1. Which ³J(HN,Hα) values in Hz, rounded to whole numbers, follow from the phi angles of region 264-278 under the Karplus curve 6.51 cos²θ - 1.76 cosθ + 1.60, where θ = phi - 60° and Gly and Pro get x?
2. Check L618: other-chain or 5+ apart residues with amide H under 5 Å from its amide H, H built from backbone geometry?
3. Cα centroids of region 655-704 and region 594-632: how far apart, whole angstrom?
4. As a test of reading the structure, rank I543, I307, I117 by solvent-accessible area (1.4 Å probe, protein chains only), most first.
5. Express the C-alpha Rg of region 473-540 as a ratio against the empirical globular expectation 2.2 N^0.38 Å, rounded to two decimals.
6. Evaluate the distance, in nm, between pseudo-label points positioned 7 Å from the Cα of R399 and of K325 along their respective Cα→Cβ axes.
7. If I model a spin label at E386 and L470 as a point 7 Å from the Cα along the Cα→Cβ vector, what separation in nanometres do I get?
8. How big is the dipole moment of region 587-701 about its Cα centre under a simple scheme where the beta carbon of each Lys and Arg is +1, that of each Asp and Glu is -1, and everything else is neutral? Debye, nearest 20, please.
Amino acid sequence: MKLPSDDNNKSSELIDISHYIDLIKRKWLAIIIFAILVTGITVLIALSMPSKYTATATLLIEAQEKKAVSIDDVVGIDANQKDYFQTQFEILRSNQIAQAVIDKLGIDDFKEFNPSIDSEKSILQSLKENKFISSFFKSESDQKAGSDEATRQIVLKLFKNNLSIDPIIKTQLVNISFTSEDPQLAAKVANAIGVAYIESNLDARLSVTKYASSWITSRLGELRQQLSDSEKALSDFLVKEKLINPTDSGIEALANQQLTSLTTRLAQVRDGRIRIESAYDALTSGNVTDVASLSAIPAISQHPQVIDIRNAELEAQNDVNELSKRYGPKHDKMIAANAKLKSIEKQAEEITRKLVKGFGKELQATKQQERLLQAEIQKQKAKFQELTVKKSRYDALQREVDTNREILNLFLTRQKETTATSNYDAANARFTDQALVPQLPSSPKRKLIVIGAFIASIFLAVTFVFIVDLLKSTIESVSDFEDKFGLIPIGGIPVVKDKKYKKVPIDNKLFFSDKEIAFSESIRSIRTSLMVSQLNEGGTKRIAVTSSLPEEGKTTVAVNVAMSFAKVENVLLVDLDLRKPAVAERFGLKKYHQGLTNHLLMNKPIDECIYVDETSGLNVLPAGMLTSSPQELLSSKKIVELFELLDNKFEKIIIDTPPTLPVSDSLIIGKLVDSMVVVVKANSTKQPIINNTISKLTNHEIKLEGIVVNKISFKAARENYSYGNYYGAYQES
């Protein structure tokens with residue numbers, strides 16, 4: 001038997017879909033039975049479930065309620081807000097609406113929503129009858145109050161669990177659905193929820209209107225008093241200040257005009273005073289010595305006397321100049337001309353003195369006039385400022401009067417509007433479709449429940465089978481071994497049903513029993529596999545049988561395979577389990593019947609140590625007496641020579657060896673044989689143990705002839721493809 005290659009090891013790590021398909025095929029009956037049981041239970045449960053009916057009413061919620069007149073709400077909800085409709089939906093789901101419908105329709109009298117009706121009556125009745133128990137409880141009124149509140153909350157919770165408010169997207173419509181065992185009650189409740197919502201909204205608006213009307217009425221008296229007080233304050237101010245109409249624009253304009261005129265006159269007088277003061281300073285500065293310097297002053301140059309004296313002086317000076325060209329300084333005409341010039345200069349000095357005196361008086365007068373004008377301006381400013389303050393005070397009082405009057409008028413108008421619309425029902429919602437009595441139940445969906453349970457049970461069963469298969473670390477059958485290890489076993493042996501062998505080992509008689517045909521056929525199948533393997537590989541004389549652990553059935557396999565070969569060949573069965581020999585007992589001999597050790601250690605003739613089974617014709621060499629050093633004996637040259645001798649006498653030698661993992665005897669024996677068969681106990685030996693055994697044999701370069709899966713369950717044995725040739729093997733033998 002060839003070990004799997006690396007590629008096979010890699011491929012075995014992948015998910016083998018065919019394995020799971022085969023697993024389902026093998027377990028299909030259990031899966032179907034489980035699904036039928038679960039489905040049957042589900043059918044019973046579904047049939048026991050009460051039918052429930054769902055009725056649906058459709059309500060249209062207006063964004064703005066209809067009004068008798070166009071007035072604004074004093075208190076209310078802004079319908080233009082984006083959360084308005086969501087708020088209305090939550091109001092529909094509120095406890096207040098639900099409780100109103102419960103009270104109106106008497107929902108708490110229905111056992112569907114008040115499951116404590118019957119039990120509550122019986123419990124209370126028994127408590128009342130038992131005086132001893134009732135004495136430990138509170139007063140009857142306290143018990144009743146607590147019980148009523150608990151019942152109310154239970155009814156409310158169950159009621160709301162059956163109520164569904166579903167807005168229709170992108171519309172102002174909302175579906176009100178209610179589910180009940182009574183179809184008529186379902187329709188009544190769905191409609192009652194809508195009616196309760198509309199009435200609740202109307203009641204709220206009516207309450208707001210009444211509150212607004214009452215509040216406006218109470219405020220009107222205060223507003224009237226405020227208006228009266230403000231008007232009286234305005235009137236008292238006018239009387240106190242002796243004002244007729246301070247808002248008259250003529251008085252204000254006149255005061256403003258007078259102040260402007262005085263300011264203009266003051267500016268003119270100030271200009272004249274500056275001009276006169278400048279001329280006076282020039283005249284009194286001492287720089288004016290003649291008419292020419294006097295004419296240089298701008299304020300005096302235009303004076304008539306200055307102009308006349310200036311012209312006379314120029315004329316006299318011209319005469320002097322003309323005469324000086326013709327006459328000498330002592331000439332009469334020259335003397336007369338100079339005398340005239342001097343006379344004119346004296347006149348100029350006199351005029352200057354008069355002008356200085358005149359400008360001084362004019363300067364004083366101008367300054368006095370300037371002072372008077374400044375004083376008058378300050379007086380007019382004070383009067384104007386006083387008038388402005390009075391006007392500001394008047395305006396403030398007048399504004400207060402106007403504001404109070406406007407507020408009073410607004411409240412009077414609102415009072416009339418509220419009174420006129422107080423009895424108008426402005427509903428913000430209306431039914432587009434009222435709920436009809438449902439004719440078919442909405443739940444439970446019995447068909448879907450049953451179908452779902454059937455599908456779920458199959459899925460659950462398949463999942464459980466997969467999980468069990470994944471968690472299982474033992475081998476169940478031949479095909480299971482092939483799936484998990486990638487190796488094809490040479491055969492599988494079913495569990496023996498005969499009760500005789502439940503407590504005792506299988507002897508040499510079972511192979512020929514008509515009651516266990518499956519057992520004998522499985523042994524023949526193993527023999528056939530070994531014969532085919534020997535033909536392909538050129539023949540194998542020595543075959544050892546081992547196992548990973550004790551109690552896996554290696555001795556049973558060795559004994560029965562040897563008897564099977566004895567039908568067609570001269571075969572020797574050798575017991576090399578020198579620590580715990582079992583072959584002799586299988587043939588009815590004593591456990592330590594003389595055998596191998598007697599020959600090797602005591603030189604007993606080999607022919608005397610071999611026992612011949614009369615039934616099968618099999619030659620048996622028992623282990624013989626116990627030895628203290630079995631490994632030394634198995635490793636000795638004597639045993640090698642013995643097997644060379646036996647090869648010449650027998651066509652095939654089957655050897656029973658100790659388990660591989662507890663001791664290393666089988667590894668030593670592996671060097672003496674041509675190949676080795678490993679027995680694996682189904683549903684017992686763990687996969688890591690099997691891997692360890694195969695690895696040990698491989699590492700010691702011992703040829704593994706194949707795997708035999710022992711004690712396969714009857715069901716797994718029937719599915720084992722290796723039994724398909726039973727009858728052919730039987731006829732062949």
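The values are calculated or read from the model by the stated rules, or taken from the named source; none is laboratory data. Every value quoted in this text rests on a predicted model; they were computed, and no experiment measured them. Here the Cβ is made from the backbone with ideal geometry for all residues, glycine too, and neighbour counts use every protein chain on show. The protein model used for the area step is the full one, side chains on, heavy atoms only, and it has no ligands, DNA or RNA in it. Shrake-Rupley method; radii C 1.70, N 1.55, O 1.52, S 1.80 Å.
1. Taking θ as phi minus 60°, the curve returns 5, 4, 4, 5, 5, 5, 5, 5, x, 4, 5, 5, 5, 5, 5 Hz for region 264-278.
2. Hits under the 5 Å cutoff: D613.
3. Using only Cα atoms, the two centres lie 23 Å from each other.
4. Largest accessible area first, the residues go I307, I117, I543.
5. So region 473-540 has a normalised radius of gyration of 1.33.
6. Roughly 8.8 nm, to one decimal.
7. Taking the two extended label points, one gets 10.8 nm.
8. Details: 11 positive and 13 negative charges, 96 e Å.
With Lys and Arg at +1 and Asp and Glu at -1, about 460 debye.
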